[in-house]
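K.L.:
Below is one structure. I have some questions about it.
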Amino acid sequence: MVQGDAPGPAVAEPGQERLTTRVAQATQPQAPPRWAAWAEMSLAACFGAAHSLPVVVTWAWPLQLLSVAWLAWRVSLATPLRAAALGWAFGSAWFACATWWLFISMHRYGGLPAWMAILGVAALCCGMALMPAIAMAVFARLRSRRAAAHGLQFAALWTLAELARGLLFTGFPWAASGYAHVDSPLAALAPWIGVYGIGGVAAALAAAPAMTDGAFAARRRPLAAALAVLAALALAPLPQFTQATGTLSVALLQGNVAQDEKFSLQHLPQALQWTGEQLLGARADLVLGAETVIPLLPHQLDPQYWQALLEHFRQPGRAALVGLPLGDEPTGYTNSAAGIAAYSADLPDGFYRYDKHHLVPFGEVIPPLFNWFIRLMQIPLGDFNRGPLVAPSFSVKGERVAPNICYEDLFGEELAARFTHPALAPTILANLSNIGWFGQTIAVDQHLNISRMRTLELQRPMLRATNTGATAVIDHHGRVIHALAPHIQGVLQGSVQGRNGVTPFAWWAGAAGLWPMLGLALLLVLRPRYFGTK
């Protein structure tokens, strides 16, 4: 019997080997020519700028999805370094177009030379853009071969970049992508997953059809699925996690005091007189004054002025919540709100007190090593003490009114911390702000939309008393039901209905902050490596 030779390893023909090599090279991301690279970077910046528009003009929310879809498509074809460059260009333009008004506070009111203010804003925006840049580079390095995991990885890394911007260095989540959807079908997800979750879902919907391999025909299924999700959310009734309580009549003061006159001894008496007259003359269950509507400490005021306010609002059926600084030199100062009502005479200070917890770097707290920068700016009250995270509410006719000051309403997870005890949870939110630092800019509309997102997440109405706008009453579904035109002096009369109950977002974010969202995003990033889908 003749034994045949054992089969040996297959040997590829020379031509086949060259063909295999060329195919392998063609499937790897290739660096474009230099001129094409710069053109693509410029296009990324244009899409980044477009991405910021729906945060102001909320009906343009499809533009947010389109911009992210373009970025997802390009980084899915790029090397990690190229993906980082695209993410940085996209992010720099996004943040610059959304926060350029910081220049006004630094230059016009802070006294910095124009070149230094421009440099400061540019450094901030380019620094924040490092987060999407890192996310895109990691995506290009880890992306899965499976289209479904591909899109989820992109969305998870996008969410991680947004969370990093909202948490690091006290956080600056202004113009987070989820705010583009305050009027889109995705707004229905707010009471479940909050603004960061909405941003992540939007990124997944945009990325899935953008990164499918093959021709347009291969993209139809994920595109149809994304449109079906949006249609289902648009047609579904808004979930109701809260119930109506009582109704308050309110009067919201908008002084429209120019920021360079607010602390001026020449203009201060006139502004204080107008504020006092409106407070004493308003006929409402609750009267609200903006952040530092009284820009002096109580002991710096004419004793008759402050005493008249105390006596007026300590009468039954009257209440006021006004912004002013509190404290003294030995113990430090706070950016605060004082609530005056009949019962407040028995409180330690003679009035309810809320001290701002989340302070603005460079405006209210000086970061280490930056005292020189603050000295260059001529902004008073530059360093404050921090109030508690969870503060008691101000009681008005059985409603629990929870103040927040200025940009504290950007941090939905911090407001949610007040809902850990449902029996003590706020029934009404009240934002006291002064956007006068930023002139007649898009910052007014942006901040209004931020407050609207908080009402969607927590299903609580929001009262907004501001110096220059937007002064408004927002219901628990994010709808503006009463509003005063910005940049005028006036008083907004309206009513607000309180709400009881806790949304899923308030429950998990109040208990654990943003850690559940962070953990889920990390799991979606790492899962393809650990479960064999790569």
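K.L.:
Look at A208 and say whether it is open to solvent by less than 60 Å² (accessible area, probe 1.4 Å) and either over 26 Å from the mean Cα position of the chain (by Cα) or closer than 30 Å to A78 by Cα (or both).
P.N.:
Answer is yes for this residue.
K.L.:
Within region 277-323, which residues are within 17 Å of G350 (Cβ to Cβ), part of a helix (DSSP H, G or I), of a type outside the set (D, E) and open to solvent by 40 Å² or more (accessible area, probe 1.4 Å)?
P.N.:
Of everything in region 277-323, those that are within 17 Å of G350 (Cβ to Cβ), part of a helix (DSSP H, G or I), of a type outside the set (D, E) and open to solvent by 40 Å² or more (accessible area, probe 1.4 Å) turn out to be H299, Q300, P303, Q304, Y305, Q307.
K.L.:
Being under 12 Å from A85 (Cα atoms) and open to solvent by 40 Å² or more (accessible area, probe 1.4 Å) is the filter here; which residues of region 116-130 pass it?
P.N.:
C126, L130
K.L.:
Something else: Can you give me the number of residues within region 70-81 that are within 18 Å of H150 (Cα to Cα), part of a helix (DSSP H, G or I) and open to solvent by 20 Å² or more (accessible area, probe 1.4 Å)?
P.N.:
4
K.L.:
Within region 152-178, work out how many residues are on the phi > 0 side of the Ramachandran plot and not aliphatic (A, V, I, L, M).
P.N.:
Within region 152-178, residues that are on the phi > 0 side of the Ramachandran plot and not aliphatic (A, V, I, L, M) number 3.
K.L.:
Of the residues that sit in region 335-370 and are open to solvent by 10 Å² or more (accessible area, probe 1.4 Å) and part of a strand (DSSP E or B), which one is modelled with the lowest pLDDT?
P.N.:
Within region 335-370, the match that is modelled with the lowest pLDDT is V365.
K.L.:
If I ask for residues that are touching a helix residue (DSSP H, G or I) at 6+ places or on another chain (Cβ under 8 Å), under 28 Å from K397 (Cβ atoms) and of a type outside the set (D, E, K, R), which ones from region 273-300 would you list?
P.N.:
Those that are touching a helix residue (DSSP H, G or I) at 6+ places or on another chain (Cβ under 8 Å), under 28 Å from K397 (Cβ atoms) and of a type outside the set (D, E, K, R): G276, L279, L280, V287, G289, T292, V293, I294, P298.
K.L.:
Based on this model, can you work out whether L268 counts as open to solvent by less than 50 Å² (accessible area, probe 1.4 Å) and free of Cβ contacts under 8 Å to residues at least 40 places away in the same chain?
P.N.:
Yes.
K.L.:
Condition test on L65, is it in contact with a helix residue (DSSP H, G or I) (Cβ under 9 Å, 6 or more places away or on another chain) and part of a loop (DSSP other than H, G, I, E, B)?
P.N.:
Here the answer is no, as L65 does not meet what is asked.
The values are calculated or read from the model by the stated rules, or taken from the named source; none is laboratory data. Just so we're clear, the structure is a prediction, and the values are computed from it rather than from any experiment. Cβ atoms come from the backbone with ideal geometry, glycine included; neighbour counts cover every protein chain shown. These accessible areas exclude ligands, DNA and RNA; they are computed on the full protein's heavy atoms, side chains included. Shrake-Rupley method; radii C 1.70, N 1.55, O 1.52, S 1.80 Å.
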